[in-house]
Amino acid sequence: MNGLSKLERRRRRRDLVSALIRYGILTAVALVMIYPILWLVGATFKTNNEIFTTVNFIPKRIDFTPYIEGWKTRTQFTFTTFFLNTFQYVIPKILFCLISSTLVAYGFARFQFPFKKFLFSLLMATMFLPAVVTRIPLYLLWKNLGLLDTYVPLIAPTIFANEPFFVFMLIQFLRSIPTYLDEAATVDGCNSFEILIRILLPALKPAIVSCTIFQFIWSFNDFLGPLIYVTSLSKYPVALALKMSIDQSSGIVEWNQILAMSFLALLPALILFFAAQKYFVEGITSTGAKG
């Protein structure tokens, strides 16, 4: 018994040491990964001189003046306008993207039609098409339609499921859902649309949340799209407003104010991610239906 107890104690010590080493490494890596964000938050309270002379993220004093002055900007508009402008096209873009991508994915995953394999291959091929290739043709299209300096060029493509990554993600998730659910719903008198709404959409919730988070982050942080199509200052989103803050004609750049606004621009994405983290992880890692 004594020998067994010693072996058990040794095993427990090894397990404890192994756990401490693992958690120590994970903690160190996490600190390295999160340090830029901590430095960003601390830098919002520093002066320009302090920002460029120290790597310590803890400021000498807490002063919310950079947030107040940065929010006001040096124009006739505050960042309230720029945030509202951003949400004006980000929210419709997410909604149209989810609707169109779900419908296209449902068609590929559940229906048989002529040239299905060829069309699916064509869809996947567009994932490797650089966006820069379509920039000039799309710009000329929207210019000829008289829709420059509007949010239409940013929103309209999502109506046609122009994000093959989301379509592919939803197709893979739909394929993991057993077809006997569809058959049972058909026996109960549901048509194809009712099957999608009542049966498949609830099961698609993790994948839809994942698509929402990705699309929100990509759209909210998009700089080149608004730069090409939006020219009026009153319609600037946050990404363009931040760049405008750097290019001050006076030659003096208040970096603490810019960093403060940059941190506030990060908050919506961080809040959305942590609020939907459970579904996001499930949507990325799920490979089959759970019974």
### Task
Looking only at the stretch 163-195, count how many residues are outside any helix (DSSP H, G or I), of a type outside the set (Asp, Glu) and in contact (Cβ under 8 Å) with a residue 24 or more places away in the chain.
4
### Task
Identify, by number, the condition in (1) out of contact with any helix residue (DSSP H, G or I) (no Cβ under 7 Å at 6 or more places or on another chain); (2) open to solvent by 60 Å² or more (accessible area, probe 1.4 Å) that PRO178 doesn't meet.
(2)
### Task
Run down PHE120, PHE113, PHE168 and say which single residue is hydrophobic (A, V, I, L, M, F, W, C), open to solvent by less than 60 Å² (accessible area, probe 1.4 Å) and farther than 21 Å from PHE223 by Cα.
PHE120
### Task
Looking at (1) more than 28 Å from VAL238 (Cα to Cα); (2) in a helix (DSSP H, G or I); (3) open to solvent by 30 Å² or more (accessible area, probe 1.4 Å), find the lone condition where ALA105 falls short.
(3)
### Task
Can you give me the number of residues within the stretch 261-281 that are modelled with pLDDT under 85 and closer than 19 Å to TYR67 by Cα?
0
### Query
Is there any pair linking a residue in the stretch 40-66 that is free of Cβ contacts under 8 Å to residues at least 12 places away in the same chain and farther than 14 Å from LEU264 by Cβ to one that is part of a loop (DSSP other than H, G, I, E, B) and open to solvent by 40 Å² or more (accessible area, probe 1.4 Å), with Cβ under 8 Å and at least six apart or on different chains, and which?
GLU50/LYS60
#### Entry: Residue that is surrounded by the most Cβ atoms within 10 Å (Cβ to Cβ) [pool: residues in the stretch 196-240 that are in a helix (DSSP H, G or I), without any contact (Cβ under 8 Å) to a residue 60 or more places away in the chain and among the aromatic types (Phe, Trp, Tyr)]
PHE214
### When residues of the stretch 110-160 are limited to those that are outside any helix (DSSP H, G or I) and hydroxyl-bearing (Ser, Thr, Tyr), the one nearest to LEU196 (Cα to Cα)
TYR151
### Summary
Scanning the stretch 68-90 residue by residue, the ones that are at pLDDT 90 or above, in contact with a Phe, Trp or Tyr (Cβ under 9 Å, 6 or more places away or on another chain) and assigned to a helix (DSSP H, G or I) total 11
### Task
Those residues that are closer than 16 Å to GLY107 by Cα and of a type in the set (A, V, I, L, M, F, W, C), I need them from the stretch 182-207; list them, please.
PHE193, ILE195, LEU196, ILE197, ILE199, LEU200, LEU201, LEU204
### Residue that is surrounded by the fewest Cβ atoms within 10 Å (Cβ to Cβ), among those in the stretch 34-67 that are over 29 Å from the mean Cα position of the chain (by Cα) and not in a loop (DSSP other than H, G, I, E, B)
ASN49
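The values are calculated or read from the model by the stated rules, or taken from the named source; none is laboratory data. Every value quoted in this text rests on a predicted model; they were computed, and no experiment measured them. Neighbour counts run over all protein chains shown; Cβ positions are idealised from the backbone, glycine included. Note: accessible area is taken over every heavy atom of the protein model, side chains too, but ligands, DNA and RNA are not part of it. Shrake-Rupley method; radii C 1.70, N 1.55, O 1.52, S 1.80 Å.
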